[in-house]
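Notes to accompany the following structure.
The values are calculated or read from the model by the stated rules, or taken from the named source; none is laboratory data. Everything numeric in this text was worked out from a predicted model, so none of it was measured. Using ideal geometry, Cβ is built from the backbone for each residue, glycine included, and neighbour counts are taken over all protein chains shown.
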């Protein structure tokens, strides 16, 4: 029973490039969260998705950031035209039903040069 | 909307006790607690759903005072393995099954031999 899989673990991009972060939830889970974490800081909510729906994206910057969770395949967090300030660890977490415990992936460390 | 945790940091000797508090300015539906070790993903500890509920996990327990919109995490007879950053996450009441989980800023616990 595989856990939450995130890839890549490390992603290096130059300013202006696009970053695509993938998250495969645990089997049977239909809810996915994305959080961003800077060093020595907390987990900042970005977006909450159910299969094919965005439930809450109030934590996502209006520009350059988008997320999806299609019927088939992993959830994708997409950052266009990355800037140095986007450098952070991005964690995804999956949930079986509303308000159940979250299972976190190992995170993707994004570095923007 | 972010819950507030206190204290920000705690240093203990093995065997000592600690309390970490989490408070919200809004009415709560539930409180989650997670622990994150350096360089790793957060790991679930417990969920509290009802006002006044208490739960236990090994020598770690928690309470949830719905009226005061507060939760406390109790670590008794601390072990070296308890070191890490503890996050509370809150789901606000009245969100009709779409309430997102928002984390506090974290409390860093260091247990020394």
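What residue, among those in region B:68-103 that are outside any strand (DSSP E or B) and closer than 16 Å to residue A:101 by Cα, is modelled with the lowest pLDDT? Step by step, filter region B:68-103, then rank; the result is B:97. Is there a residue in region B:50-57 that is within 14 Å of chain A (Cβ to nearest Cβ), outside any loop (DSSP other than H, G, I, E, B) and modelled with pLDDT under 90? Yes, there is a match, as at least one residue in region B:50-57 is within 14 Å of chain A (Cβ to nearest Cβ), outside any loop (DSSP other than H, G, I, E, B) and modelled with pLDDT under 90. Tally time: how many residues in region B:84-102 are within 11 Å of the chain's Cα centre (by Cα), more than 8 Å from chain A (Cβ to nearest Cβ) and under 23 Å from residue B:16 (Cβ atoms)? Adding up the residues that qualify gives 3.
Of all the listed residues (B:79, B:70, B:105), the sole one being over 17 Å from residue B:44 (Cβ atoms), in contact (Cβ under 8 Å) with a residue 12 or more places away in the chain and at the interface with chain A (Cβ under 8 Å from one of its Cβ atoms) is B:105. I'm trying to understand the selection: among the residues of region A:9-26, which are within 13 Å of residue A:75 (Cα to Cα) and part of a loop (DSSP other than H, G, I, E, B)? Across region A:9-26, the qualifying residues are A:25, A:26.
Every listed requirement among (1) within 12 Å of chain B (Cβ to nearest Cβ); (2) surrounded by fewer than 22 Cβ atoms within 10 Å (Cβ to Cβ); (3) under 29 Å from residue B:4 (Cα atoms) is met by residue A:9 save one, (3). Would you confirm whether or not region B:15-24 contains a residue that is part of a strand (DSSP E or B) and within 11 Å of another protein chain (Cβ to nearest Cβ)? No: region B:15-24 contains no residue that is part of a strand (DSSP E or B) and within 11 Å of another protein chain (Cβ to nearest Cβ).
Each residue in region A:52-69 was checked for being within 14 Å of another protein chain (Cβ to nearest Cβ) and either outside any loop (DSSP other than H, G, I, E, B) or out of contact with any strand residue (DSSP E or B) (no Cβ under 7 Å at 6 or more places or on another chain) (or both), and 6 of them qualify. For region B:30-44, the set of residues classified as buried (at least 17 other Cβ atoms within 10 Å of the Cβ) and facing chain A (nearest Cβ under 9 Å) consists of B:30, B:32, B:34, B:36, B:41, B:42, B:44, listed by residue number.
Let's see how each residue does on (1) in a strand (DSSP E or B); (2) within 11 Å of chain B (Cβ to nearest Cβ); (3) modelled with pLDDT under 95:
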site	(1), (2), (3)
A:39	no, yes, yes
A:71	no, no, yes
A:77	yes, no, no
A:81	no, no, no
A:91	yes, yes, no
A:98	no, yes, yes
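Considering only residues in region A:100-113 that are closer than 19 Å to residue A:11 by Cα and part of a strand (DSSP E or B), the one that is farthest from the other protein chains (Cβ to nearest Cβ) turns out to be A:112.
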